[in-house]
Amino acid sequence: MTYLFAVLAAALGVAAVVHGGADDSPGLQLIGVVLVVGAIAFVVRAARRRS
């Protein structure tokens, strides 16, 4: 269940980056990158806690 939220956040982040690029919106692209990086960090942290 934890990984599902991370995948959804990453997908939302990628969509924000793509939409921000088409709309020429650097703020939306930054939010998308932050979502993707946050999702990756969340997955790494969860995986380290399981080990």
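Bear in mind these aren't lab numbers, they're just calculated from the coordinates by the rules spelled out. In this text the structure is predicted, and so the values were computed from the model without any measurement.
For this structure, a couple of remarks:
- Given their separation in residues at 0.36 nm each and the Cα-Cα distance between them, D23 and R48 gain 5.2 nm when the chain is fully extended.
- Listed options for Rg and Dmax of the Cα atoms in Å are (i) 12.3, 42; (ii) 12.8, 43; (iii) 12.2, 40. The value calculated from this structure is the one marked (i).
- C-alpha long axis of helix 2-23 to longest principal axis of the chain, angle in °: 10
- Average Cα contact separation per residue, the range 2-50, under 8 Å, 6 or more apart, as relative contact order %: 42
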